[in-house]
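Data block below; observations after.
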Amino acid sequence: MTTLPIYRKSSDVTSPNPHSAREYARDNSCDLVLDSAVQLAFAHRVRFTSGALDPANAALRDLFAADAAITSRRAIVLVDRGFADANRTLEQQLRAYFATHASAMPALTHFEVVTGGEDAKQDMRVVDRVIELVEQNKICRKSFVIAIGGGAMLDAVGFGAATAHRGVRLVRLPTTTLAQDDAAMGVKNGVNRFGKKNFVGAFAVPYAVLCDDALLATLPDAAFRAGFSEAVKIALLKDPAYFATLERDAVLIAARDMNAARPAIRRSAELHLRHIVDGGDPFEANEARPLDFGHWAAHRLEAMSAHAVSHGDAVALGLLLDCRYSNLKGWLSNADFARIRAVIAALGLPMRHPLFANHAALLAGADEFREHLGGKLTVTMLRGVGHGFEVHELDHDLVRRAAAEMA
Ligand SMILES: NC(=O)c1ccc[n+]([C@@H]2O[C@H](COP(=O)([O-])OP(=O)(O)OC[C@H]3O[C@@H](n4cnc5c(N)ncnc54)[C@H](O)[C@@H]3O)[C@@H](O)[C@H]2O)c1
Ligand SMILES: [Zn+2]
């Protein structure tokens, strides 16, 4: 941790925080000002493998290699019910893995299946259960909560892990395409309240993330495809060449050809991670949140549908809406808009939804989004593939027109 100098007089004002410096200069009725910048460095370990639960695969064991005292640590494993139901031998496999690598891993003290899917985020039950288990299993701040599941369950378990003891070590093993290509890279945890997405939560960097494409085998087709909306999103924002790859491989990806899906997932994960790590705003202090391209409407559609529309599907719909809006505004060419529509169609993602007819409820989402971000409304729009930019107001008539076409 680096702490910057303490500022005692207005003449000292070389603060890294111009706001506090200005305030001090204007009103020096304080006798002592201790404004400081606090900087923290975190390790964000993210690894990809295939077959992590095979004792011959060292990837899971090696996540713990940085801890010289690892055998004195404990670990509890929490598993998403949807995943556990489809993988009945998981507990035996994990116990065998921990036993094989006992000299280099924490002791596995508890295994439990918890609610998966968005239900995990609809109340505090999963969060509270994690906190209880941390207490019952004597998980200290150097011990581990290992979460195996989809993005929703990872968010809820991560919130529990981030708050018990003010933060115990969290290891994520994401089991959906969306969790592997986006959610598990994040440094955000949280659950929904008041019918609003992620209303309660905490920023916390996980101890490690291990993405294993073998864990995707049991994912239902619709959920498999849904995860690629986030891949399209990040390609549109950051990487035209990757977008072209998605165009080329979309049909194979939708058919679950892992030779096409695996590199697509990994590239998306890498681009999300690079933005979080190198983008200069990991804890989202700024108003701009480019990774939330298409999300103002997506989050609203999820809530309006009582989560019958999955996050991934909602993102596909939200992206299309904002791309059509960009197109109607004259920012995005007809040709680029046609390419985006085509890739979303080829991936088997939804392109219309009856809830788009409810314009008033949809538009209320923009205000909710602004409030969640803090400050003024900041929404990403598109000038072309790879060219996102920010706007601070939405033309409601044009949003209605774009939404009406998609209802
Ligand atoms: N923290 C972040 O930075 C971040 C980023 C993006 C999305 N998210 C959140 O992630 C959530 C969406 O996550 P998701 O798309 O992974 O969906 P999900 O977690 O809702 O899972 C979808 C369904 O698949 C089941 N499931 C999971 N893995 C399975 C498997 N391998 N086999 C069989 N069934 C399986 C789950 O039980 C659930 O029923 C949203 O709540 C979203 O807000 C968080
Ligand atoms: Zn998302």
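The values are calculated or read from the model by the stated rules, or taken from the named source; none is laboratory data. Here the structure is a predicted model, which is why all the values come from computation and not from measurement. Please note: Cβ atoms are built from the backbone with ideal geometry, for glycine as well, and neighbour counts cover all protein chains shown. To get the accessible areas, we keep the full protein, side chains included, count just its heavy atoms, and leave off ligands, DNA and RNA. Shrake-Rupley method; radii C 1.70, N 1.55, O 1.52, S 1.80 Å.
What the table below lists for this structure:
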| item | result |
| --- | --- |
| Given (1) more than 18 Å from the chain's Cα centre (by Cα); (2) in contact (Cβ under 8 Å) with a residue 60 or more places away in the chain; (3) within 13 Å of ligand 1 (Cβ to nearest atom), index of the condition VAL157 fails | (1) |
| Meets criteria (open to solvent by 20 Å² or more (accessible area, probe 1.4 Å), of a type in the set (Lys, Arg) and either free of Cβ contacts under 8 Å to residues at least 40 places away in the same chain or not assigned by TED's automatic domain parsing to the domain that holds LEU108 (or both)) for ARG125 | yes |
| The lone exception for PRO206 - which of (1) in contact (Cβ under 8 Å) with a residue 60 or more places away in the chain; (2) open to solvent by 20 Å² or more (accessible area, probe 1.4 Å); (3) not aliphatic (A, V, I, L, M) it fails | (2) |
| Failed item, numbered, when ALA244 is tested on (1) touching a residue at least 24 places away in the same chain (Cβ under 8 Å); (2) surrounded by fewer than 16 Cβ atoms within 10 Å (Cβ to Cβ) | (1) |
| Hey, VAL127 assigned to a helix (DSSP H, G or I) and of a type outside the set (D, E, K, R) or not | yes |
| Selection from the stretch 95-122 of residues that are buried (at least 21 other Cβ atoms within 10 Å of the Cβ) and either within 16 Å of VAL168 (Cβ to Cβ) or among the aliphatic types (A, V, I, L, M) (or both) | MET105, PRO106, VAL114, ALA120 |
| Residue list for the stretch 57-80, restricted to those being more than 22 Å from GLY149 (Cα to Cα) and either under 26 Å from the mean Cα position of the chain (by Cα) or not in a helix (DSSP H, G or I) (or both) | ALA65, ALA66, ASP67, ALA68, ALA69, ARG73 |
| Criterion violated by ALA366 - all others in (1) assigned to a helix (DSSP H, G or I); (2) at positive phi satisfied | (2) |
| Residue within the stretch 216-235 that is over 12 Å from GLN180 (Cβ atoms), part of a loop (DSSP other than H, G, I, E, B), in contact with a Phe, Trp or Tyr (Cβ under 8 Å, 6 or more places away or on another chain) and in contact (Cβ under 8 Å) with a residue 40 or more places away in the chain present | yes |
| Residue among ASP313, ASP292 that alone is within 16 Å of ligand 1 (Cβ to nearest atom) and either surrounded by fewer than 21 Cβ atoms within 10 Å (Cβ to Cβ) or of a type in the set (Phe, Trp, Tyr) (or both) | ASP292 |
| Those residues of the stretch 378-393 which are of a type in the set (A, V, I, L, M, F, W, C) and open to solvent by 20 Å² or more (accessible area, probe 1.4 Å), in sequence order | PHE389 |
| Selected residue (criterion: surrounded by the most Cβ atoms within 10 Å (Cβ to Cβ)) from residues of the stretch 147-199 that are closer than 13 Å to ILE131 by Cα and among the aliphatic types (A, V, I, L, M) | ALA156 |
| Criterion violated by GLY365 - all others in (1) open to solvent by 20 Å² or more (accessible area, probe 1.4 Å); (2) in contact with a His (Cβ under 7 Å, 6 or more places away or on another chain); (3) of a type outside the set (S, T, N, Q) satisfied | (1) |
| Odd one out for CYS211 among (1) of a type outside the set (Val, Ile, Thr); (2) in a helix (DSSP H, G or I); (3) buried (at least 24 other Cβ atoms within 10 Å of the Cβ) | (2) |
| The lone exception for GLU284 - which of (1) open to solvent by 10 Å² or more (accessible area, probe 1.4 Å); (2) away from ligand 1 (no atom under 11 Å from the Cβ) it fails | (2) |
| Any pair with Cβ under 8 angstrom, 6 or more apart, that starts in the stretch 286-308 at a residue that is closer than 14 Å to PRO350 by Cβ and ends at one that is of a type in the set (Asp, Glu) and open to solvent by less than 30 Å² (accessible area, probe 1.4 Å) | GLY294/ASP322; ALA297/ASP322 |
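For every residue, the table says whether it meets (1) assigned to a strand (DSSP E or B); (2) within 16 Å of ligand 2 (Cβ to nearest atom).
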position: ALA96; (1), (2): no, no
position: PHE111; (1), (2): yes, no
position: VAL157; (1), (2): no, no
position: ALA164; (1), (2): no, no
position: LEU178; (1), (2): no, yes
position: LYS197; (1), (2): yes, yes
